[in-house]
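The values are calculated or read from the model by the stated rules, or taken from the named source; none is laboratory data. Source: prediction; values computed, not measured. All Cβ positions, even for glycine, are placed from backbone atoms using ideal geometry, and neighbour counts span all protein chains on display.
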Amino acid sequence: MTRFIPSNLANRFQRWNRARKFEQFLQLCPDDRASVLDVGFTVTEHRGIENTLERSIDDVSRVTALTIADPNPAGDRYPGLTLVRYDGGRFPFSDREFNACWSNAVLEHVGDEADRRRFLAEADRVAEQSLLTTPNRWFPIEPHTMLPFLHYLPKPVFDWMLRRIGKDWATGSYMHLMGRREVVRLLREAGVKDFRVRSNRVGPLTVDFSILIRPGAAGRPGLQRQREAESAV
């Protein structure tokens, strides 16, 4: 068993799920003049669902995209986008440099608990408001491998089973899935004081979490989306 969910069905679901999380970001963030940090930009796009923020807004010149990869292959795909490479540690920006920070499904990949605490603290430091997302460990389908239930096992056992079925790439530090309690604990340990963790559900099941940092400033106009501009033509 190498994949439980067909790739076309998985892509359709993930596209829908990313879109609804981005709607939350539009409600959270400041107006369409806002400076925005995207943490976790993907240089190579294989499935057409990566880089939701850059695909969805009309003016990427306001966006700075942070990546651990060589940004050169991104080329001119998003004219005006500022690409910054970093080593995965401290974000190379000053305090409150951005109006808003967006980071979709990156937190689980940054390393051990200390790394994840630092990541949360950095998102809190560099932006006035942030929305970060991460999968729920207790959702029945693991979203990276699309396998059911195996991720409920202790991580060493889960990693061993992944190696047995040829998914070595998903083992070790590649991902650390978390439940709600662990997410909340890490936020508190990171010193993030004003936050809300929102459960994104399908029926009764929580697929993933949206972490809203300083959500109290919500209610101002959201970023203007490309489709809104197109609908006015």
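Which one of 120, 83 is in a strand (DSSP E or B) and surrounded by 16 or more Cβ atoms within 10 Å (Cβ to Cβ)? Talk me through it step by step, then tell me what you get.
On the way: 120 fails: in a strand (DSSP E or B).
Being in a strand (DSSP E or B) and surrounded by 16 or more Cβ atoms within 10 Å (Cβ to Cβ) holds for just one of 120, 83, which is 83.
Does segment 104-111 contain any residue that is assigned to a strand (DSSP E or B), in contact (Cβ under 8 Å) with a residue 12 or more places away in the chain, touching an Asp or Glu at 6+ places or on another chain (Cβ under 7 Å) and closer than 27 Å to residue 173 by Cα?
Looking only at segment 104-111, we keep the residues that are assigned to a strand (DSSP E or B), and these are 104.
If we keep only those that are in contact (Cβ under 8 Å) with a residue 12 or more places away in the chain as well, we get 104.
Cutting the leftovers down to touching an Asp or Glu at 6+ places or on another chain (Cβ under 7 Å) gives us none.
Within segment 104-111 (the criterion being assigned to a strand (DSSP E or B), in contact (Cβ under 8 Å) with a residue 12 or more places away in the chain, touching an Asp or Glu at 6+ places or on another chain (Cβ under 7 Å) and closer than 27 Å to residue 173 by Cα), the answer is no, since none of the residues qualifies.
When you scan segment 39-59, do you find a residue that is part of a helix (DSSP H, G or I) and in contact with a Ser or Thr (Cβ under 6 Å, 6 or more places away or on another chain), even just one? Give the derivation first.
As a first pass, look at segment 39-59 and keep what is part of a helix (DSSP H, G or I): 52-56.
Filter once more, so that each one left must be in contact with a Ser or Thr (Cβ under 6 Å, 6 or more places away or on another chain): none.
No, the conditions are met nowhere in segment 39-59.
Scanning segment 219-232 for residues that are among the small types (Gly, Ala, Ser) and surrounded by fewer than 16 Cβ atoms within 10 Å (Cβ to Cβ), which turns out modelled with the highest pLDDT?
Initially, segment 219-232 is screened for residues among the small types (Gly, Ala, Ser), giving 219, 222, 229, 231-232.
Now restrict to residues that are surrounded by fewer than 16 Cβ atoms within 10 Å (Cβ to Cβ): 219, 229, 231-232.
Numbers: 219: 44, 229: 40, 231: 39, 232: 38.
Result: 219.
Which count do you get for residues in segment 58-68 that are over 16 Å from the mean Cα position of the chain (by Cα) and either surrounded by fewer than 19 Cβ atoms within 10 Å (Cβ to Cβ) or within 24 Å of residue 10 (Cα to Cα) (or both)?
Of segment 58-68, the ones over 16 Å from the mean Cα position of the chain (by Cα) are 58-62.
With the extra rule that they be either surrounded by fewer than 19 Cβ atoms within 10 Å (Cβ to Cβ) or within 24 Å of residue 10 (Cα to Cα) (or both), the set shrinks to 58-59, 61.
Total satisfying the criteria: 3.
Restricting attention to segment 131-176, which residues are crowded, with 17+ Cβ neighbours inside 10 Å, aromatic (Phe, Trp, Tyr) and either in a strand (DSSP E or B) or in contact with a Phe, Trp or Tyr (Cβ under 9 Å, 6 or more places away or on another chain) (or both)?
Of everything in segment 131-176, just one residue is crowded, with 17+ Cβ neighbours inside 10 Å, aromatic (Phe, Trp, Tyr) and either in a strand (DSSP E or B) or in contact with a Phe, Trp or Tyr (Cβ under 9 Å, 6 or more places away or on another chain) (or both), namely 158.
Which of the following residues is assigned to a strand (DSSP E or B) and surrounded by 14 or more Cβ atoms within 10 Å (Cβ to Cβ): 210, 199?
Numbers: 199 fails: surrounded by 14 or more Cβ atoms within 10 Å (Cβ to Cβ).
From the options 210, 199, the qualifying one is 210.
Pairs needed: first member in segment 179-207, of a type in the set (D, E, K, R); second member anywhere, not in a loop (DSSP other than H, G, I, E, B); C-beta distance under 6 Å; at least 6 residues apart or different chains.
Within 6 Å, the pairs are 189/117; 196/212; 196/215; 198/210.
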